[in-house]
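Inspection log for the structure reproduced underneath, given as C-alpha cells.
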Amino acid sequence: MTSPTLLPPLTPIQDLTQSLRGDGFAILSAQDVAQIAGVDLDRLLSLNQFWDDLPRDPYLKDGGRYRFRRHASYEIKQGGLGMVPHRAHWQSVNYNALHGGIERWFEPSQIELTGNSAWQSLLLGLAQVLNSVKPVAAWFVEAHQFRIDTTDGIGRPTPEGAHRDGVDFVAVFLVNRVGIKGGETRIFEAGGSTGLRFTLTEPWSLLLMNDERMIHESTPIQPTGSHGFRDTLVLTFRSNSFQDSPAHSQQ
C-alpha cells in the first residue's frame, strides 16, 4: 500500500503576483500554467516526449545512476527570447555544497524542444509574470530537464539537500511521475521556521518561488513496481548575469 500524498494548496491565477510578493511562492495548476504560456495544455503535454532520451548525469558525487538531464540557457529582454551558446552550469559551494564549485557540462536540450513554439511561449510567459513582481532589464534563464528514476532502488531529486539556487526565481514543473512513491516537495522560509510540504502529481503543475526567500527540496522516490521515474523541468531566472565560475569570468 502506498502512503497518501498531500495535495498542494493551489494559488488562484489572479492571486499569483500577490502570492509571490507576500508569501514568496505560488503553486499553479497545469491549466493555469498553460494560460500563462498562452497555449493549450495539450501542447505542453506534447513536450513530455523530450524527457525520454536524457543522458545520464555524470557528475553525481554519491555514485548514483538515478539522474538524467539536459540543459539550455537563454536571455530574455524587451519581450524577446534569445538562446545563448551552450555553456556550463555552475553554482558556488554556498548554494550547492555537494556539486558546487565545478563547471558541469550537461548535454544540450534537443533542438526539436528548444525550437518548439509552446516551449518558447512558456519561458516568455513566465518572464512576463516575474517582471510584474521584479521589473528587470533582462532575465538570464537556465532550463534543466530532469529524470530521476529507480535504477538503484531509490532516486534522489535533490541529493544536495534543502537548498537555494543563487538566483532570483525558481520554477519547478512536475512533468510526469510513473510507478513511484515519494517525491514530496518541501519548502521553507530562508529567514524563518515556517514550512510547507506537498506532492505535485498533475503533469505541468508548477511551484514558483522567490529564491532569495525560500529554501526547497524533494524527498527520494521509490518504485511501486519494478521500475519508476519522476520527470521535472526546472527554470531559474536571474537578473544581471548568469552564475559563472571565477575561471570563466577571468577569461
**OP:** Please state which one of GLU212, GLU217 is within 17 Å of LEU20 (Cβ to Cβ) and either open to solvent by less than 20 Å² (accessible area, probe 1.4 Å) or modelled with pLDDT under 95 (or both).
**Re:** GLU212
Original post:
Here is a list of conditions, (1) at positive phi; (2) in contact with a Pro (Cβ under 8 Å, 6 or more places away or on another chain); (3) not charged (D, E, K, R), and TRP204 meets all of them except one; can you say which number that is?
Top reply: (2)
**OP:** Determine, yes or no, whether SER241 is farther than 25 Å from ILE76 by Cβ, small (Gly, Ala, Ser) and in contact (Cβ under 8 Å) with a residue 12 or more places away in the chain.
**Re:** no
Subject >> ASP57 at pLDDT below 95 and open to solvent by less than 10 Å² (accessible area, probe 1.4 Å) >> reply: yes
Subject >> SER46 vs. criteria open to solvent by 30 Å² or more (accessible area, probe 1.4 Å) and not in a loop (DSSP other than H, G, I, E, B) >> reply: yes
Original post:
Which residue, of ALA162, ALA137, is open to solvent by 30 Å² or more (accessible area, probe 1.4 Å), touching a residue at least 60 places away in the same chain (Cβ under 8 Å), in contact with a strand residue (DSSP E or B) (Cβ under 7 Å, 6 or more places away or on another chain) and of a type in the set (Gly, Ala, Ser)?
Top reply: ALA137
**OP:** Among the residues of segment 168-195, write down those that are assigned to a strand (DSSP E or B), out of contact with any His (no Cβ under 8 Å at 6 or more places or on another chain) and open to solvent by 40 Å² or more (accessible area, probe 1.4 Å).
**Re:** ASN176, ARG177, VAL178, LYS181, GLU189, GLY195
Subject >> Close pairs from segment 39-54: first over 13 Å from GLU202 (Cα atoms) and among the charged types (D, E, K, R), partner outside any loop (DSSP other than H, G, I, E, B) and open to solvent by less than 40 Å² (accessible area, probe 1.4 Å), Cβ under 7 Å, at least 6 apart >> reply: ASP40/ALA34; ARG43/ALA118
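The values are calculated or read from the model by the stated rules, or taken from the named source; none is laboratory data. No experiment lies behind these values; they were computed from the predicted model shown. A quick note on method: Cβ atoms are made from the backbone with ideal geometry, for glycine too, and the neighbour counts reach across all protein chains shown. Just the protein is used for accessible areas: all its heavy atoms, side chains included, with ligands, DNA and RNA removed. Shrake-Rupley method; radii C 1.70, N 1.55, O 1.52, S 1.80 Å.
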